[in-house]
Amino acid sequence: MEQVTLYPLKFEPIYQYRIWGGRRLENLLSKPLPPKDPIGEAWILSDRDDQPSKITDGKLKGKTIKWLMENAPEKLMGKFANKFKRFPLLLKFLDCQQVLSVQVHPSDQLTKYIPAGESGKTEAWVVLETGNKAIIYAGLKPGTTEQKLRDKLKEHKVADELAHFRPENGDSVLIKAGTVHTLGDVVVFEVQENSDVTYRLYDWDRVDEKTGKPRDLQVEEALACIDFNKIDIKPVTPIIKSEIPVQREVMIQNEHFDLCRIIGGLPFMVGKATVPHVLVCVDGKGDLEYNSDFYSLKKGDVMLLPASVGACPFVPKGEITLLELALPESS
């Protein structure tokens with residue numbers, strides 16, 4: 001194993017064509033979008049075998065997060081080095097120009113519906129931009145049963161059984177595995193378990209212009225994975241933990257990830273010794289200081305702070321809004 005010295009790491013976004021995507025990620029990320037195609041996702045931190053994120057700066061430029069997990073697991077993951085074979089979170093920005101398919105992800109317990117090497121998928125969104133038709137469907141309406149859903153599928157009226165709300169900028173929404181969900185006309189940040197298991201229940205009868213065909217549905221698998229007790233999901237109310245020198249809010253906490261939001265213009269600390277943290281800048285810019293060097297972070301950037309880096313001061317250049325992600329230490 002190589003002797004690898006780690007530092008604050010930035011990654012290149014990986015753009016994904018999606019039938020429901022648009023062009024609004026141009027307003028968030030500096031890397032040009034592929035021409036013409038609707039781009040629905042930017043994978044900003046991905047340890048997937050087929051599309052691993054690449055480091056953009058420093059001595060490790062061009063190396064992937066997969067390479068880091070294989071060659072410097074203790075320095076990268078600290079106390080979690082023996083727990084995870086790949087980085088356990090997948091981070092994205094989504095441009096949902098149209099409404100996504102109505103879908104569900106299995107829980108970790110439903111092993112029958114999880115391919116080898118994958119896990120269940122709990123995820124969360126932070127709303128960054130809303131359009132005139134912005135909508136989030138999250139959970140079922142009270143009283144919805146499997147038979148009601150089957151009947152609505154035949155009538156092409158599945159939305160009749162879905163709870164929904166109009167999102168506002170800054171909302172955070174937790175979508176636990178087993179929750180029926182979809183969203184449209186929004187730009188969001190998404191954090192999820194590092195899994196790619198999605199079952200489509202309904203896709204609004206649309207046709208993919210590239211193939212001339214509807215996308216595949218997995219109705220039976222989706223119905224089997226739905227938790228019918230997950231109803232009428234609303235945005236999570238943030239908990240303010242401190243207001244000096246900046247406002248720190250706990251947005252989401254569960255067994256898979258902790259998500260906090262930092263808002264302010266004065267210097268503050270980020271990261272922690274012995275565990276990795278991830279910073280995602282959603283507005284403004286600033287510099288992180290580590291070993292007398294400065295690492296810039298601006299709107300749309302993601303920065304991974306390896307466990308070996310520990311806590312660092314962050315100096316905003318004006319007002320900044322920063323998301324900070326951590327793995328729960330009780331996990």
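The values are calculated or read from the model by the stated rules, or taken from the named source; none is laboratory data. Model, not experiment: these values are computed from the prediction. Virtual Cβ from ideal backbone geometry, glycine too; neighbours counted across all protein chains shown.
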Select from the stretch 38-65 the residues that are surrounded by fewer than 16 Cβ atoms within 10 Å (Cβ to Cβ) and without any contact (Cβ under 8 Å) to a residue 24 or more places away in the chain and write down the one among them that is farthest from residue 119 (Cα to Cα).
61
In the stretch 60-93, which residues are closer than 12 Å to residue 47 by Cα and not basic (Lys, Arg)?
64, 65, 67, 68, 69, 70, 84, 87, 88, 89, 90, 91
Suppose we filter the stretch 287-297 for residues that are surrounded by fewer than 20 Cβ atoms within 10 Å (Cβ to Cβ) and in contact (Cβ under 8 Å) with a residue 24 or more places away in the chain; how many remain?
5
Restricted to the stretch 264-286 and to residues being surrounded by fewer than 18 Cβ atoms within 10 Å (Cβ to Cβ) and modelled with pLDDT of 95 or more, the residue nearest to residue 7 (Cα to Cα) is 269
Regarding the stretch 227-248, can at least one residue be identified that is acidic (Asp, Glu) and closer than 24 Å to residue 163 by Cα?
yes
What strands (runs of 3 or more DSSP E) lie completely within the stretch 2-118 and have 1 or more residues being touching a strand residue (DSSP E or B) at 6+ places or on another chain (Cβ under 7 Å), among the β-branched types (Val, Ile, Thr) and modelled with pLDDT of 95 or more?
14-22, 39-45, 102-104
When you go through 90, 153 one by one, which is the residue that is out of contact with any Ser or Thr (no Cβ under 9 Å at 6 or more places or on another chain) and either small (Gly, Ala, Ser) or in contact (Cβ under 8 Å) with a residue 12 or more places away in the chain (or both)?
153
Do the conditions hold for residue 215, that is, is it more than 18 Å from the chain's Cα centre (by Cα), at pLDDT below 95 and not hydrophobic (A, V, I, L, M, F, W, C)?
yes
With the first residue restricted to the stretch 66-78 and required to be free of Cβ contacts under 8 Å to residues at least 60 places away in the same chain and at negative phi, and the second required to be crowded, with 18+ Cβ neighbours inside 10 Å and outside any helix (DSSP H, G or I), Cβ contacts under 7 Å at 6 or more apart or on different chains are 66/47; 66/52; 69/47; 69/87
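For the subset of the stretch 178-196 comprising residues that are part of a loop (DSSP other than H, G, I, E, B) and under 14 Å from the mean Cα position of the chain (by Cα), which member is nearest to residue 118 (Cα to Cα)?
Across the stretch 178-196, the extreme among qualifying residues is 195.
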